[in-house]
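Visitor: Have a look at this one.
Coordinate-derived values only; no laboratory data. Just so we're clear, the structure is a prediction, and the values are computed from it rather than from any experiment. Positions of Cβ are backbone-derived with ideal geometry, glycine not excepted, and every protein chain shown enters the neighbour counts.
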Amino acid sequence: MMDDKLVYDFFLGLPKDSAKLLIYDILDFDENQIEYNHNFIQWIFPTKEKSQVNDKAPQISEKFEKLFLNNETVQENFCKSCKMFLNFIGFDCSCNKGDNVITNIKNKKKYYDLPSHNFLRITRVLNSLRQIGNGSCSKKLFAELEKIRNENRECKKFSVI
């Protein structure tokens, strides 16, 4: 069973997730909470695939994209959660309607340096962005990751996701 309504309501700020958190609680996480809590990422980046690590994580269907694109509050809260996580891993995202820019933050701890469990999280982000109708953001994040990988190819600090 797909959880489109549950995820939609979550982004509206209505119900609590399986860890009893509201979207607004997650948006207030500090870096330690983001790094060491693992059950929230599936909520802020829902996908059509079943989570292999959190059996209580919601799954969205093809219908979720339409729900997502038709509600500004849902889009804004998703964007806020995306900005929060991207900032955590070392990227800045400026979301202006129709044009999003994702850039690497210089002189910030990189939570994607090897070895890192955040590679799985980044893969989830890319998939979620694409699956809910933000394919351009997914492409821009991937392009920035590729740029970093190419810059660091010789020192092997970064590998392909």
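Visitor: Over the stretch 4-151, consider all pairs of different Cα atoms and compute the Kirkwood hydrodynamic radius from their mean reciprocal separation; express it in Å, one decimal.
Guide: Values: mean 1/r = 0.0644 Å⁻¹.
Here the Kirkwood hydrodynamic radius works out to 15.5 Å.
Visitor: Something else: Ranked from highest to lowest mean number of other Cβ atoms within 10 Å per residue, what is the order of the peptides 37-47, 78-88?
Guide: 37-47, 78-88
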